[in-house]
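Taking it in order: structure first as structure tokens, then the write-up.
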Amino acid sequence: CATNALATGSHAIVANYSGDSTNAASTSSALAQVMNAPVKGTNVALASNGGVASASSAYSNAYGVAGVNDNRRAGFSWGNAGGWNDGTPSAFPDWVQIRFSGQRTINQVIVYTVQDNYPNPVEPSDSTTFTLYGLTDFDVQSWNGSAWVTLGSVRGNNLVKRTVAFDPVTTDRIRINAIGSKDG
């Protein structure tokens with residue numbers, strides 16, 4: 001049996017059999033099942049956690065890099081500091097990086113890209129897609145002290161929210177190296 005309805009804490013689980021014409025009813029001993037709270041990592045890239053964003057270029061102040069790690073994932077105020085746009089349209093690669101407030105161990109990066117209906121964005125889910133704009137091809141890289149090391153590559157992306165998981169790595173910065181987008 002499976003359930004996803006148990007709240008955090010300890011629960012007594014008992015099996016009951018009502019019996020039939022050849023078997024008597026029975027009840028099992030109680031089993032204590034402990035449900036731990038979900039483990040949520042700390043977003044070490046957030047500006048509020050000391051992350052500092054920089055980029056290869058910016059289209060203008062309206063598309064500055066500060067929108068990358070401000071914890072606004074839907075892209076509200078696109079074109080008014082709501083997200084980063086590079087200053088070299090259709091010329092790749094471009095990059096955006098976050099320098100952490102010290103060495104951090106990370107095992108995933110979540111990349112959010114612009115939505116098709118950017119004037120009226122919604123909080124993206126893992127299945128929200130784009131067809132008009134958005135980052136299609138990119139590498140997730142970490143700094144090893146002397147060079148960038150690729151931790152994951154995404155090609156042909158059409159997701160507004162794209163999670164890239166990798167083996168844990170300790171670094172003081174991470175970058176997204178953009179090599180393709182839907183609209184250049």
How many Å² of accessible area per residue for the chain, probe 1.4 Å? 60
For the chain, the percent of accessible surface on carbon and sulfur atoms (probe 1.4 angstrom, ligands and nucleic acids excluded) is 50
Counting alpha carbon pairs within less than 8 Å and at least 6 residues apart, what relative contact order, in whole percent, applies to the chain? 19
So if I place +1 on the C-beta of Lys and Arg and -1 on the C-beta of Asp and Glu, and nothing else carries charge, what would the dipole magnitude of segment 41-117 be about its Cα centre? I want it in debye, nearest 20. 260
Which option, (1) 38, 19, 12; (2) 44, 20, 15; (3) 29, 20, 15, is the value of semi-axes √(5λ) of the Cα gyration tensor in Å that was calculated from these coordinates? (2)
Tell me whether segment 68-128 comes out rounded, prolate or oblate; compute the Cα gyration tensor, take square roots of the eigenvalues as a ≥ b ≥ c, and use a/c under 1.5 as the rounded threshold. oblate
For segment 91-104, 3J(HN,Hα) per residue [Karplus equation, 6.51 cos²θ - 1.76 cosθ + 1.60, θ = phi - 60°, Hz, x = Gly/Pro]: 10, 10, x, 10, 9, 9, 10, 10, 9, 6, 7, x, 5, 9
Under a 1.4 angstrom probe, counting protein chains only, how are ARG162, ARG99 ranked by accessible area, largest first? ARG99, ARG162
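Report the full-extension gain for the segment THR163 to VAL52: residue separation times 0.36 nm, less the Cα-Cα distance, to one decimal in nm.
Working: separation 111, 0.36 × 111 = 39.96 nm, distance 2.05 nm.
Once the chain is fully extended between THR163 and VAL52, it gains 37.9 nm.
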When the chain is modelled as a GNM with alpha-carbon springs shorter than 10 Å, which of GLN33, GLN115, GLN103 fluctuates the most? GLN33
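The values are calculated or read from the model by the stated rules, or taken from the named source; none is laboratory data. Model, not experiment: these values are computed from the prediction. Quick reminder, even Gly has a Cβ in these numbers, built from the backbone with ideal geometry, and neighbours come from all protein chains shown. For the accessible areas, the whole protein counts, side chains as well, though only heavy atoms, and no ligand, DNA or RNA atoms are used. Shrake-Rupley method; radii C 1.70, N 1.55, O 1.52, S 1.80 Å.
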